[in-house]
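A short reminder: the numbers here are calculations on the coordinates, not readings from a lab. Source: prediction; values computed, not measured. Every residue, glycine among them, receives a Cβ derived from its backbone with ideal geometry; neighbour counts consider all protein chains shown.
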Ligand code: SF4
């Protein structure tokens with residue numbers, strides 16, 4: 001049984017403009033020692049999902065969370081707020097996107113780690129302080145015994161993010177959720193923080209969820225990938241499958257809109273055309289259809305009238321699209337000749353990457369060689 005099981009999760013917000021279906025029937029698992037990367041554009045429901053897992057939505061009133069979130073078989077959706085508060089910090093922890101907002105400016109870094117540790121452990125202040133110094137050292141803060149008494153504004157952006165990670169790890173959580181942990185950081189520090197998360201995961205054996213819009217980050221650290229669109233799963237599978245043989249046009253668009261350094265490129269990157277849909281008025285049928293170029297290849301009006309279900313396209317690889325598996329393979333082979341050639345063992349272009357993490361964007365992810373122009377062109 002997976003450590004975290006999410007089943008048919010719905011998160012809805014009642015607003016003056018209508019009901020916002022931020023998460024609409026999401027299901028996934030995360031095992032111990034595995035890292036799941038959740039990717040998608042802003043508004044796809046990634047962060048709302050992580051806040052639901054952490055029990056940080058104010059239930060009742062205008063917010064409704066339904067479905068199941070089982071952490072070690074214990075359902076968090078039906079658990080009392082006190083029980084979820086007990087588990088938050090001790091069994092599950094979160095690294096927030098903006099450490100400057102997440103850290104309290106009035107208290108020292110050390111005081112904040114000490115408080116987080118003592119909430120869940122009956123230890124003296126001295127012992128908790130020793131723990132804080134130890135953790136700051138382990139996440140790479142120089143002179144931790146001195147810097148423990150610094151205030152957040154005295155830390156650089158990278159150091160603040162490390163301090164957040166130290167705080168999140170203070171109680172050895174079994175589930176660690178990192179919500180855009182590197183967005184505010186420059187590329188060098190970003191790489192250091194990702195390495196740190198990978199190292200600490202190996203040391204602590206936690207299950208990790210990385211939420212990001214950056215497929216380069218996913219390629220760097222994730223074992224499994226879940227692509228979200230309009231609050232639903234568009235595609236899910238191992239990182240290897242999703243990077244090598246993506247089946248959903250939205251995934252093709254994400255991959256095609258990223259730079260890669262292993263293939264010569266003379267034209268501009270092509271963004272996915274259009275914008276993410278309103279979650280109050282989600283398009284009928286497949287929510288991606290207003291931005292997709294492939295409904296004619298499906299035929300009829302299925303794309304505009306019928307919501308595609310997740311279908312197995314390989315072991316543990318599932319895609320929510322009406323295109324047949326043969327069509328998906330055929331189109332992807334045209335969009336990514338280098339990747340397809342690398343997979344079939346034929347040389348495509350010098351240096352073409354065979355592994356998802358080998359090519360690079362933001363230094364890292366493998367994207368289609370040619371353009372995903374067809375996603376953009378209509
Ligand atoms: Fe495009 Fe249709 Fe597939 Fe949706 S179901 S991604 S609209 S081809």
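Structure data summary
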| quantity | calculated |
| --- | --- |
| Packing rank of 61-68, 212-219, where each peptide gets the mean count of other beta carbons within 10 Å, highest leading | 212-219, 61-68 |
| Zone residues, the range 205-249, relative to residue 57, backbone N less than 15 Å from point 7 Å out along Cα-to-Cβ | 230-233 |
| The chain, helix-only ellipticity at 222 nm - DSSP H runs n ≥ 4, -39,500 (n - 2.57), divided by all residues, nearest 500 | -10000 deg cm²/dmol |
| Net lengthening on full extension, residue 324/residue 98 (0.36 nm per residue, minus Cα-Cα) | 77.2 nm |
| Angle in degrees between helix 81-90 and the longest Cα principal axis of the chain, rounded to the nearest 10 | 90 degrees |
| Stretchable slack from residue 79 to residue 14, in nm (0.36 nm times residue separation minus alpha-carbon distance) | 21.2 nm |
| Length gained when the stretch residue 122-residue 31 is fully extended (0.36 nm per residue, less Cα-Cα span) | 29.8 nm |
| Rounded to 5, the percent of DSSP beta bridges in the range 104-257 classed as antiparallel | 55 percent |
| The chain - percent relative contact order, Cα under 8 Å, separation 6 or more | 18 percent |
